[in-house]
Amino acid sequence: MADIVRLKSHARSSLVVVYSGVVHVAGQVAADRSQPIREQTQGALAKIDALLTEAGTDRSRLLTAQIWLKDIARDFAGMNEVWDAWTTPGAAPTRATAQCEMGAPDILVEIIVTAAVGA
């Protein structure tokens, strides 16, 4: 049976869980939430890159993504501009994007990903 590896665990959750060759990354938001959507998206994706690296993989191995926007009508295009530049050509994951009420009023985007463990 494969071990479950948890990285950056706290009482409530872990930022990364690795099991059976799959890396699950908890929802990430920008550290600087005073910025507009493009910068918040870049910030969240930078945190995802760091967590994927720590788990032994990278964005070229993404399997799926969930993107949550505070205001999809206002921010979908700006978020997609950053997302499209960030993803590895030919390795786009499955993806869902939805609008939702965020955990704090200054969060514009939250991104959750899963990836295959690096080869």
Quiz item: Hey, among Ala92, Ala104, which residue is out of contact with any Lys or Arg (no Cβ under 8 Å at 6 or more places or on another chain) and on the phi < 0 side of the Ramachandran plot?
Solution: Ala92
Self-check item: Residue within the range 37-52 that is over 14 Å from the mean Cα position of the chain (by Cα) and small (Gly, Ala, Ser) present
Solution: no
Practice problem: Collect the residues in the range 7-65 that are among the hydroxyl-bearing types (Ser, Thr, Tyr) and free of Cβ contacts under 8 Å to residues at least 40 places away in the same chain, keeping them in residue-number order. | Solution: Ser9, Ser13, Ser14, Tyr19, Ser20, Thr53, Ser60
Quiz item: So is Thr57 farther than 21 Å from Val109 by Cβ and touching a strand residue (DSSP E or B) at 6+ places or on another chain (Cβ under 8 Å) or not?
Solution: yes
Quiz item: Right, Thr57: under 27 Å from Tyr19 (Cβ atoms), of a type outside the set (A, V, I, L, M, F, W, C), buried (at least 20 other Cβ atoms within 10 Å of the Cβ) and at pLDDT 95 or above or not?
Solution: yes
Quiz item: Is it fair to say Thr87 is at pLDDT 95 or above, closer than 27 Å to Asp106 by Cβ, touching a Ser or Thr at 6+ places or on another chain (Cβ under 7 Å) and open to solvent by 20 Å² or more (accessible area, probe 1.4 Å)?
Solution: no
Quiz item: For Glu101, all conditions in the list (1) surrounded by 14 or more Cβ atoms within 10 Å (Cβ to Cβ); (2) farther than 22 Å from Lys8 by Cα; (3) not hydroxyl-bearing (Ser, Thr, Tyr) hold save one; what is the number of the exception?
Solution: (1)
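Each row is one residue, and each column tells you yes or no for (1) at pLDDT 95 or above; (2) open to solvent by 70 Å² or more (accessible area, probe 1.4 Å); (3) touching a Pro at 6+ places or on another chain (Cβ under 9 Å); (4) over 24 Å from Asp106 (Cβ atoms).
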site: Leu7; (1), (2), (3), (4): no, no, no, yes
site: Ala26; (1), (2), (3), (4): yes, no, no, no
site: Ile37; (1), (2), (3), (4): yes, no, no, no
site: Thr41; (1), (2), (3), (4): yes, no, no, no
site: Ile48; (1), (2), (3), (4): yes, no, no, no
site: Asp75; (1), (2), (3), (4): yes, no, yes, no
site: Met79; (1), (2), (3), (4): yes, no, no, no
Self-check item: Failed item, numbered, when Val113 is tested on (1) open to solvent by 30 Å² or more (accessible area, probe 1.4 Å); (2) out of contact with any Lys or Arg (no Cβ under 7 Å at 6 or more places or on another chain); (3) in contact (Cβ under 8 Å) with a residue 12 or more places away in the chain
Solution: (1)
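The values are calculated or read from the model by the stated rules, or taken from the named source; none is laboratory data. These numbers come from a predicted model, not from an experiment. Note that we place each Cβ from the backbone using ideal geometry, even for glycine, and neighbour counts take in every protein chain shown. Only protein heavy atoms, including side chains, enter the accessible area calculation; ligands, DNA and RNA are left aside. Shrake-Rupley method; radii C 1.70, N 1.55, O 1.52, S 1.80 Å.
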